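The values are calculated or read from the model by the stated rules, or taken from the named source; none is laboratory data. Here the structure is a predicted model, which means the values were calculated and not measured. No Cβ is skipped: glycine too gets one built from the backbone with ideal geometry, and neighbour counts run over all protein chains shown. Heads up: the accessible areas ignore ligands, DNA and RNA and are worked out on the full protein's heavy atoms, side chains in. Shrake-Rupley method; radii C 1.70, N 1.55, O 1.52, S 1.80 Å.
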Amino acid sequence: MATLTLEQINAATAREFVALLDGTYEHSPWVAERAAAQRPFASLVHLKLALAQVVREAGRDTQVALIRAHPELAGKAMLSKTLTAESTHEQGKAGLTDCTADEFAKIQQLNTDYNARFGFPFILAVRGPRGLGLNKAEIVATFERRVGNHPDFELAECLRNIHRIAEMRLNDKFGHTPELGNLVWDWAERLASNSDPGYAERGELTVTYLTDAHRACAQRLAHWMRADCGFDEVEIDAVGNVVGVYHGSDRNAKRLLTGSHYDTVRNGGKYDGRQGILVPMACVRELHRQGRRLPFGFEVVGFAEEEGQRYKAVFLGSGALTGHFDMRWLEQKDADGITMREAMVHAGLCIDDIPKLQRDASKYLGFVETHIEQGPVLNEIDLPLGIVTSINGSVRYVGEIVGMASHAGTTPMDRRRDAATAAAELALFVEKRGGAVPHLVATVGMLEVPNGSINVVPGRCKFSLDIRATTNEVRDACADDIRAELQRICERRGLHFKLEETMRAAAAPSAPAWQQRWERAVQTLGLPLYRMPSGAGHDAMKMHEAMPQAMLFMRGLNAGISHNPLESITNDDTDLCVRAFQNLLDQLATELA
Ligand code: HGY
Ligand code: MN
Ligand code: MN
């Protein structure tokens, strides 16, 4: 197939333009017809977004007609061999043309149920997020998961999948392969093969601080930095950060610092944190392959601990670089009673060297971080990249309500000192208070009756609090109200409680100069700017305490879900993120030349 070029489609007549894009949107040339007037397109992604915009602006009936123009998976069109060439190729590669009788029956039933529920066929980009094709098990699992969704969500999700199908068909037409996105995507896949025991056996990804899986990840990242990317210096530091340095033309030049974390939450996703390490690694790999040196040093850090899962301490990795590692953390114990100190010694880390990790901020230009959005915004507006304006401030507590365990059968309801119902009352208050102010969130993420029994009134109940807002004032007002309510609940019920603050991170506005560099990079790609706050916390908010910072967000699939194995990104979006980072480096090189 002769590959298309931007010049060709920009110079073509409207009719030629539609013909050149034939098959991009199944049986729906109207999409290209309506987009033709937006030429010239500055980039392939600019074209892709323009086509998606046309669909977004079309009425619901037109959108449903577009969905209905697509064939069912392993459906009638496949059986009657009337699929388009593109759909035949796509469904064939996914193995849908050679289902077993059971698989076929299951998919037929799902098609029937889905159509009956939504009035249009189930659409899934079966070539998948990496473009190599989903397998039948993944397809059926997605089908079964989505058939229960809300109709409005499924209409939008089908359209998002249609845009992804169109994106890969356009890549074929233009002979475009998102090489750098594939590299990062595959690295993340390989890194995800390391998981803590008890989770790995279930195919779940959990990498907590200094476990064997965590140290395997560190070794893997260090190896790739050294052997694949050409970093000049690579080391695993005294808290387990993986630090790679790619020197500038002047080895003493100030450095740009970047990175993110490689630890995960329990049963988490493959890209939270890791994407922000692997993207700049790919940039260094390209610089090294080109034999190119920047007029500044480039330091990429895989932070060892951000999530606070094994120990209560959070931002431990980035905190060590800003001089905020609290040596008292060393005595914190994990669920098995192992102290952080013991875990560090076991991992061969040199505790005495921790204070030396603090960076001299005067030797750095600033800190930038790319990260998956971990939310639905970019996914809903069909944008690959977003500009972070600030990172919400957060405060976290762990607590325990203490009452009196007693016999569930003989303790009258008005004589109980039930710790769990008190915690439940608090949780409902937290939900209500958190919903009272825009951009404020409050969560009880952990709720546990230790050693509870089915026939015992809970005498103890442990809980956690996570409160975040765009300003410290809103965050603190909410925390004050929740603590006051906890006091009231316990007084009224004759209980008492313990509450420990385990983390407090100030709201971190992006440094304007660095935010503008991200903005110019995104615009250079031919993308519109979308500015947004970060509801999630990131290492950048810790680095904010020492130097100017700004972040770039990347879209997630599955409504941007995160801290969940459904976390997913595409190779194309990842490629755009790497190219945005490369552009930021080029901007800086021009400024400092
Ligand atoms: O919880 C957070 O916001 C981050 O993922 N640690
Ligand atoms: Mn996270
Ligand atoms: Mn993260």
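With the charge dipole of segment 6-174 set up from +1 on Lys and Arg Cβ and -1 on Asp and Glu Cβ about the Cα centre, the Cα lying farthest toward the positive end among the listed residues 17, 159, 41 is that of 41. Charged neighbours of residue 591, selected by a Cβ distance under 13 Å, balance to +2 (K, R count +1; D, E count -1). Taking the Cα centre of segment 396-541 as origin and assigning +1 to Lys and Arg Cβ atoms and -1 to Asp and Glu Cβ atoms, the resulting dipole is close to 60 debye. Please state the relative contact order of the chain as a whole percent: Cα pairs under 8 Å, 6+ residues apart? Computed over the chain, the figure is 15 percent. Evaluate the charge dipole of the chain about its Cα centre and quote only its size in Debye, nearest 20, assuming +1 on the Cβ of each Lys and Arg and -1 on the Cβ of each Asp and Glu. Here the size comes out at about 420 debye. Of all lysines in the structure, those lying under 17 Å Cα to Cα from residue 312, and not within fewer than 8 positions of it along the same chain, are 333, 462, 498, 542. Each Lys or Arg adds one and each Asp or Glu subtracts one; over the other residues with Cβ under 14 Å from the Cβ of residue 141, this totals +1. Nonpolar atom fraction for the chain, defined as the carbon and sulfur part of the 1.4 Å probe accessible area, stands at 52 percent.
Candidates 294, 53, 362 compared by Cα position along the dipole of the chain: farthest toward the positive end lies 53, with charges placed on Cβ. Remark: segment 509-523, residue by residue, has Karplus-estimated 3J(HN,Hα) of x, 5, 5, x, 4, 6, 4, 5, 5, 4, 5, 5, 4, 5, 5 Hz, where x stands for each Gly or Pro and the curve is 6.51 cos²θ - 1.76 cosθ + 1.60 at θ = phi - 60°. Rounded to the nearest 20, the Cβ-based charge dipole of segment 6-174 about its Cα centre (Lys and Arg +1, Asp and Glu -1) stands at 160 debye.
Stretched out straight at 0.36 nm per residue, the stretch from residue 531 to residue 174 would grow longer than its current Cα-Cα span by 125.5 nm. Backbone geometry of segment 138-149 corresponds, through the Karplus equation with coefficients 6.51, -1.76 and 1.60 at θ = phi - 60°, to 3J(HN,Hα) couplings of 5, 5, 5, 4, 5, 4, 5, 6, 7, 5, x, 6 Hz, x marking Gly and Pro.
How far is it, in nm, from the label point at residue 219 to the one at residue 487 when both lie 7 Å from their Cα along the line to the Cβ? If labels sit at residue 219 and residue 487, their model points lie 5.3 nm apart.
Scanning residues 5 or more positions from residue 269 or on other chains, those with amide H under 5 Å from its amide H are 563, 564, with H placed 1.01 Å from N in the peptide plane.
Extension gain, residue 473 to residue 190, is 97.7 nm, computed as 0.36 nm per intervening residue step minus the present C-alpha separation. With helices as the sole contributors, the chain gives -12500 deg cm²/dmol at 222 nm; each DSSP H run of n ≥ 4 counts as -39500 (n - 2.57), and the sum is divided by every residue. Both radii were evaluated on the Cα set of segment 6-174; the Rg over Rh quotient, with Rh as the Kirkwood radius, amounts to 0.98.
Local charge for residue 106 was computed over the other residues whose Cβ lies under 15 Å away, with Lys and Arg +1 and Asp and Glu -1, and equals -4.
How would you classify segment 393-505 from its alpha-carbon gyration tensor, with a ≥ b ≥ c the square roots of the eigenvalues: rounded for a/c under 1.5, else prolate if a/b is greater than b/c, otherwise oblate? The shape class here is prolate. Annotation: per residue accessible area for the chain equals 42 Å², rounded to a whole number [probe 1.4 Å, protein chains only].
If R0 is 35 Å, the Cβ-Cβ spacing of residue 593 and residue 503 corresponds to a FRET efficiency of close to 0.30.
Please state the shape class of the chain: rounded when a/c is under 1.5, otherwise prolate if a/b exceeds b/c and oblate if not, all from the C-alpha gyration tensor. In terms of gyration-tensor shape, oblate.
Excluding the site residues themselves, the longest part of the chain lacking any trypsin sites (Lys or Arg not before Pro) in a DSSP loop with at most 12 other Cβ atoms within 10 Å is 293-593. Looking at the square roots a ≥ b ≥ c of the eigenvalues of the Cα gyration tensor of segment 337-456, which shape do they give, rounded for a/c under 1.5, prolate if a/b is larger than b/c, or oblate? In terms of gyration-tensor shape, oblate. Compared with the alpha-carbon gap, the fully stretched path from residue 138 to residue 104 is longer by 10.8 nm at 0.36 nm per residue.
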